[in-house]
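Notes for the one structure printed next.
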Amino acid sequence: MSNSKSKSSSLHEKAGISPPEITNVSAINEIQKKRKLQPSSTELVDGILSSSRTALSRAITLIESTNPEHLTKANEVIKDCLPHANNSVRIGITGVPGVGKSTFIEAFGKYLTQSGKKVAVLAVDPSSSLSHGSILGDKTRMEELVKDENAFIRPSASGATLGGVARKTREAIILCEAAGFDIIIIETVGVGQSETTVHSMVDFFLLLKISGAGDELQGIKRGIMEMADAIVINKADGDNVKKANLAKVEFNRALHLFPIKKSAWQPKVTTCSAVTKDGIPEVWNTISSYFEQTKESGYFFENRKDQNHFWMMETINEQLKSKFYSQPNILSELEKNKKAVQNDEISPFAAAQNLLELYFKQDYK
């Protein structure tokens, strides 16, 4: 008589057929091997000039790298791309968070690509001052534009850079121009920091506003308003149309209080809705009028020369700062001086002078 305990449980799982392997080990190894192979600067440049998105993305990643070993290669790529750059127009777009920058850029970008233009968007996301991380979610917010074969979207973290732009945005513009893009759009963080940096790398500076936010009077103040070549009041749809038109009148009045720009261009104010697409063609007409006027007067080309000079000086400052903080003995002395300053044993100015003297003494040996 068999023992009842020896009977199989109703919960017992019978052995079945093992599922086949869904992965190919050799294929995985081959993919990993290719990923480890870094293309040469010549291969990257050839890819960029043939409009390869992969090569363009890898080159931007290379120039954004903080690894000193990548600097030489990055400089070679930029040098070889320079002769093929400067054939686009560069548009900077800024505005406070919530103004609808990403939605506007998608609607504006789609309008341009449908008109036969190739558009590159360099979108800058804010970095956390605590974790130093960034969401980089612009591709998600521009889900239609990202699928457009005539558009390229590259999100980058702002890092510690002021002005709401990424550290290597200027170089990324050159690479995008070499890849054949007609229009380069730079979307800034828009957190109220100095916008001088982005203004110094674009041909046209567009300020996005919304009505009913209580900033109409703030707009009359100097600052970013003086840098704007056009003000676009977004979200002019539904019940907001009347408010947007009133805001347009207020901003127009404010702009006439400012002195005439060096470009001799009188900034325009328009309204639009990135959702309904109303007013988008008018925005492009305004920008086109600006380029026509400034190219005819010669200001467009003079401004490009001034920007190149500005970025030469910025690069020198960046390289000096990077070299200073990469010296081991400087970092060691920096810690000592930091503690001395915190304990009121030495003034911050004297400590800084000591460190600079040490740096220049060893640098000139």
(1) more than 30 Å from Ile174 (Cα to Cα); (2) surrounded by fewer than 14 Cβ atoms within 10 Å (Cβ to Cβ) all hold for Lys243 apart from (2)
Here the residues within segment 33-63 that are within 22 Å of Glu149 (Cβ to Cβ) and charged (D, E, K, R) are Asp46, Arg53, Arg58
Among what's in segment 327-365 and is modelled with pLDDT of 85 or more and assigned to a loop (DSSP other than H, G, I, E, B), pick the residue that is farthest from the chain's Cα centre (by Cα).
Glu345
Among the numbered criteria (1) assigned by TED's automatic domain parsing to the domain that holds Leu206; (2) within 24 Å of the chain's Cα centre (by Cα), which one does Asn303 miss?
(1)
Is it the case that Glu318 is closer than 30 Å to Lys261 by Cβ and either out of contact with any Gly (no Cβ under 6 Å at 6 or more places or on another chain) or assigned by TED's automatic domain parsing to the domain that holds Asp229 (or both)?
yes
Can you name every residue in segment 37-51 that is surrounded by fewer than 16 Cβ atoms within 10 Å (Cβ to Cβ) and not in a helix (DSSP H, G or I)?
Leu37, Gln38, Ser40, Ser50, Ser51
Filter pass, Ser263 being surrounded by 11 or more Cβ atoms within 10 Å (Cβ to Cβ), outside any helix (DSSP H, G or I), over 24 Å from the mean Cα position of the chain (by Cα) and in contact (Cβ under 8 Å) with a residue 40 or more places away in the chain
yes
Only one of these is touching a helix residue (DSSP H, G or I) at 6+ places or on another chain (Cβ under 8 Å), farther than 28 Å from Ala236 by Cβ and surrounded by 17 or more Cβ atoms within 10 Å (Cβ to Cβ): Leu62, Leu112, Leu82. Name it.
Leu62
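The values are calculated or read from the model by the stated rules, or taken from the named source; none is laboratory data. Note that the coordinates shown come from a computational prediction; the quantities given were computed from them, not determined experimentally. Virtual Cβ from ideal backbone geometry, glycine too; neighbours counted across all protein chains shown.
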